[in-house]
Amino acid sequence: MYLIPLNTVALIRNGRTILLLAALSTLLACQNIDSTQSNKPSSMNAERLIKSESNVTTVSLSTIDQGAEVYDNVWERMRAGFELNGQYQNNAVAHQIETYSGNQRYFDLVTERATPFLYWIVDEIDRRNLPQELALLPFVESTFNPNAYSQEHAVGLWQFLGSTGKSFGLQQDWWYDGRRDPYASTIAALDFLEVLYKQFDDNWLIALAAYNTGEGNVRKAIRNSGNSSDEVDFWSLRLAGETRAHIPKLLALAAIISNAEAYDIELTPLPNQAVLTAVEIGSQIDISQAAKLADIDYAELRALNPGYLQWATHPDQPQHLLMPFTNASELQDKLANLSESELVTWDRYEILPGDTLGGIARKLNTRVDILESVNALRNSRIIAGNSLLIPRASNLDSITLAPTVRRKQNINVPASYTIKRGDNLWSIARRYNLKSKEIAAWNQIELDVILHLGQTLDLQYATHSEAQLSDVFSADSRADYLVRPGDSMALIARRFEFDLQDLLLWNDISINELIHPGQTIRFLSNKLEIN
């Protein structure tokens, strides 16, 4: 276990250390890298590989030229790197400037979200000699929310579709989604933007338009304009309304940041230095365990590492955690006294052909009811190839089984449903005697969303939603609920028809705090006085 400066990546291979300088992307977004081959796009060929005989080496690497001016805060550094200033004088940009002007609440919110990550994004853009306006793309794409999810299924700060993310090395599996990882997705997004810039004859506005709406749509607009790609002007292209507003928003933000006081905006100063470091654990670790060892709030650690989808880091790669330097030192000291088996309190079991839930329970020395509750199973039917969460013996005492919630009808509800022609949430809910709002909640979509042919909806958890409170609450007007994979406090509140603020109050949990499988949530009846 060791610390990795955010402009240095160290990987141990066969007792030797390979250092990937100025390329956190290689650890975060790419796998199976050796000393002779890299799958990064050619834009990253400035990386150097250095081999060392020692077990671990860290290298401090400055990305600023020796004669370069040093800035006190990130905003100053960003302003100095703006290159698209000539495009700010446009009616569409002026309209967006008017919208943003004086909206202090928006800038405060986005700055708060950006604080842990913006320095590194600006630094990486500087390293590549790209326009600093690109650092504002997450402001427009996602309001700097790494968990942002669009109706088109784009995810993360930079709003990557799954296929595009994979094309640029973003790992996506059950454990980890690189699109949600601020560092991995930044590397991929800048790689993508550099490719688009070259494709569209070194025109940044058209490259940004292609990033938003797709290369095909932009090429079609260029053909319809009657101009060649090297002659066309973004402002003359006939593009979708969202894209035509997208670029002016980015330029408006740059104009305001260039002279914030003139637009009645006060930018919270952000130090022009790294505030996080990456701790390479060297094996899988339970994130709640890491939080305790590092003396950092669990919700904060989750928020700094949104790429991890489950309760632990990846069993293979990645296995690093981002955290403030002081917490990293604390974690490093305590991990030295722990064995690898003590780092994870849960296991993942892949169901094999012929497996039964009872057989798995006997094999792994646990109970069927625990497996059903932890994995949100409606019954003991399991499918080969799927996975189960298995609590280790040391974790059993902390598990409280969820109250059994049964539906009063015998309709066979599938675990998932593939959208067919004519389907909508209401018709699907009626067919399976579910509630459309519960299906929407479980699938993180809006009630009025337009469903697409072939789209898959998860119905497994919605079948647990219907319950009379008398079935859930015990005599003392309280019950404990065991958090399952995919749960959030908002989803639990919707499912059991609680007020979210009440549920947060009963459990002393903040609105931004994440919960994890196996955690117990307390339910109190509405009749109970809360002092």
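Each value in this text was obtained by applying a stated rule to the coordinates, not by laboratory testing. Just so we're clear, the structure is a prediction, and the values are computed from it rather than from any experiment. Backbone-built Cβ (ideal geometry, glycine too); neighbour counts: all protein chains shown.
Within straight-line reach of K334, meaning a Cα separation under 15 Å, sit the following aspartates and glutamates at least 8 residues removed in sequence or on another chain: E280, D286, D295, E342. Each Cα pair under 8 Å and six or more residues apart adds its sequence gap; the mean of these over the residue count of the stretch 74-263 is a relative contact order of 24 percent. List, in the order given, every pair from K249/K420; K198/K249; K363/K437 whose Cα-Cα distance in the structure shown is over 28 Å. In this structure, K249/K420; K363/K437 lie more than 28 Å apart at Cα.
Which length gain, in nm to one decimal place, applies between T456 and S225 when the Cα-Cα distance is subtracted from 0.36 nm times their residue separation? Result: 79.4 nm gained on full extension.
In this structure, the amide hydrogen of F160, modeled 1.01 Å from its nitrogen in the peptide plane, lies closer than 5 angstrom to those of V155, counting only residues at least 5 positions away or on a different chain.
Filter the trypsin sites (Lys or Arg not before Pro) in the stretch 227-314 down to the DSSP loop ones having no more than 14 other Cβ atoms within 10 Å, then list what survives.
For trypsin sites (Lys or Arg not before Pro) across the stretch 227-314 that sit outside H, G, I, E and B with at most 14 neighbouring Cβ atoms in 10 Å, the list reads R238.
Here the residues E342, E141, ranked from fewest to most Cβ neighbours within 10 Å of their Cβ, fall in the order E342, E141. Segment D72..Q273, full-extension length gain: 71.5 nm, with 0.36 nm per residue of separation and the alpha-carbon distance subtracted. Loop-located GluC sites (Glu not before Pro) across the stretch 252-327 with a Cβ neighbour count of 16 or fewer within 10 Å are E266, with loop assigned by DSSP. Close amide H contacts of W346 (hydrogens built in the peptide plane, cut-off under 5 Å, sequence separation of 5 or more or a different chain): R392.
Per-residue extension of 0.36 nm, minus the Cα-Cα distance of A240 and Q89, leaves a gain of 52.2 nm for this segment. The label point for Q332 and the one for L352, both projected 7 Å from the Cα toward the Cβ, are 4.2 nm apart. The stretch 137-199 has equivalent-ellipsoid semi-axes of 17, 14, 10 Å, by the square roots of 5 times the alpha carbon gyration tensor eigenvalues, sorted largest first.
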